[in-house]
Amino acid sequence: MNERTEQREPMVRRESDHAVTMRDVAEDAGVSVKTVSNVVNNYQFVSARTRDKVMASIDKLGYTLNMTARNLRTGHTGIIGLAVPDLVMPYFAQLSSLVIGEAKKLGMRVIVEPTLYSREGELEALHGAQQAMLDGLIFSPLELGQDDVAELDVDYPLVLIGERIFTDTVDHVATENVEGAKRATKYLLQTGCRRLAVVGTHPGEQVGSAALRLQGYREALEEMGVPYDERLVVPSKMWHRDDGLHAMNMLLDSGVVPDGVVALNDMLASGVMHSIQLHGFRVPDDISVIGFDNSDDSQYLTPSLTTIAPGLEAVARLSVRVLRDRIDGVSPFGAPEGTSVFRKVSSTLVVRNSTRPIPDGGLRL
């Protein structure tokens with residue numbers, strides 16, 4: 001990750017009109033993309049045996065360098081990429097705006113690429129020909145998972161954000177999902193809630209925001225001595241307003257009425273509150289609601305939403321800083337040569353009107 005090679009994915013054509021990429025060569029030779037990059041850029045610390053194997057695959061596939069891309073790499077473009085699932089979700093829209101602002105401070109421009117909740121879109125963001133135009137990429141995956149770590153083996157500076165993949169081979173900026181959800185759950189319990197629902201879980205998920213936030217919810221219940229009740233765990237495939245509405249409708253229509261809800265993001269919380277009100281209950285008098293993300297519009301809901309602020313400003317600042325250091329050939333935060341960096345951003349509780357106050361004498365986090 002510390003190496004800075006001198007060209008990106010080239011564009012050439014086979015007889016079939018298929019673009020032969022560095023990735024094709026790597027797969028044929030049985031080596032990493034980075035190794036192929038080292039060979040074509042005459043990096044001296046490559047064994048003769050490996051170099052011969054890569055060169056044989058280059059000859060076999062008809063791979064040639066795109067000199068335009070090479071020249072762009074040599075001088076840098078001053079452009080970085082940001083790959084996020086979409087720009088409709090307030091979390092990603094806000095993150096994109098913050099990254100653009102941080103990059104501008106450092107004299108860089110940002111191309112935002114929505115991957116549209118698609119595995120193919122995420123792979124294209126990592127390995128597509130557009131990488132020739134970028135100095136580096138900030139990547140927030142949702143469809144790729146822990147089994148896809150090898151896909152992060154690229155020949156350009158890459159910073160991973162989010163909680164879908166954890167690896168020590170790539171620089172990573174994460175948020176406090178477990179701790180944030182735990183803080184939210186404990187706060188509701190301290191206000192007197194005891195039948196506490198959680199909305200937005202992903203059954204079977206082991207790694208990712210939903211799994212980590214559910215873990216925080218369960219840890220808080222255990223520490224506060226409140227039994228875990230599977231009936232109060234409400235799944236939702238997506239995290240939009242409609243999903244929160246449908247999930248809460250399903251819970252209330254089943255006859256299970258909680259006195260508090262931990263929604264795994266603010267858009268879910270918005271739908272949850274709408275469902276509660278449609279069923280004739282009041283927020284927070286009958287059912288308190290807390291969200292996660294502190295999205296820009298959460299304070300304008302009725303009532304305004306208590307939520308967890310994940311520190312997006314710090315996520316943007318750190319991810320851009322780390323990427324810029326890698327582009328410049330500098331180890332971020334003085335990390336040892338050849339090692340990646342991992343930073344977790346602190347979260348905070350933002351108390352508004354969708355939750356009841358903690359009774360006098362109660363503990364506050």
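The values are calculated or read from the model by the stated rules, or taken from the named source; none is laboratory data. Owing to the predicted nature of the structure, the values given are computational and were not obtained by experimental measurement. Note that each Cβ is placed from the backbone with ideal geometry, even for glycine, and that neighbours are counted across all protein chains shown. Accessible surface is based on the protein model in full, side chains and every heavy atom, while ligands, DNA and RNA are left aside. Shrake-Rupley method; radii C 1.70, N 1.55, O 1.52, S 1.80 Å.
Summary of computed values
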{"quantity": "Amide H contacts under 5 Å for T306, placed H, 5+ residues apart", "calculated": "G291, R352, N353, S354, T355"}
{"quantity": "Accessible area in the full protein assembly, largest first, 1.4 Å probe, for R164, R119, R195", "calculated": "R195, R119, R164"}
{"quantity": "From phi via Karplus (6.51, -1.76, 1.60), per-residue ³J(HN,Hα) for the range 300-315 in Hz, x at Gly/Pro", "calculated": "9, 5, 10, x, 4, 8, 6, 7, 9, 8, x, x, 4, 4, 5, 4"}
{"quantity": "Computed [θ] at 222 nm, deg cm²/dmol, the chain (DSSP H ≥ 4; -39,500 (n - 2.57); rounded to nearest 500)", "calculated": "-11500 deg cm²/dmol"}
{"quantity": "Under Karplus coefficients 6.51, -1.76 and 1.60, residue-wise ³J(HN,Hα) of the range 210-226 in Hz, glycine/proline x", "calculated": "4, 5, 6, 6, 5, 4, x, 4, 5, 5, 5, 4, 4, 5, 8, x, 9"}
{"quantity": "Which labelled figure in [x] 42; [y] 25; [z] 32 is percent of Cα pairs over 36 Å apart, once derived from the coordinates", "calculated": "[z]"}
{"quantity": "Placed amide H near G200: partners under 5 Å, 5+ positions off or other chain", "calculated": "V234, S236"}
{"quantity": "Order by protection proxy (mean Cβ within 10 Å, highest first), peptides 89-98, 108-117", "calculated": "89-98, 108-117"}
{"quantity": "Gaussian network model of the chain, springs between alpha carbon atoms under 10 Å - residue of F342, F45, F166 with greatest fluctuation", "calculated": "F45"}
{"quantity": "³J(HN,Hα) computed for each position of the range 24-29 - Karplus, 6.51 cos²θ - 1.76 cosθ + 1.60, integer Hz, glycine/proline x", "calculated": "4, 4, 4, 5, 5, 8"}
{"quantity": "Charge tally in the Cβ shell below 12 Å around V272, where Lys, Arg are +1 and Asp, Glu are -1, V272 excluded", "calculated": "-2"}
{"quantity": "Under 9 Å, Cβ to Cβ, from P90 - net charge with Lys/Arg +1 and Asp/Glu -1", "calculated": "-4"}
{"quantity": "Mean separation of Cα contacts under 8 Å (6+ apart) over length of the chain, as relative contact order %", "calculated": "18 percent"}
{"quantity": "Amide hydrogen neighbours beyond the local backbone of G260, cut-off 5 Å, H modeled", "calculated": "R195, A197, S288"}
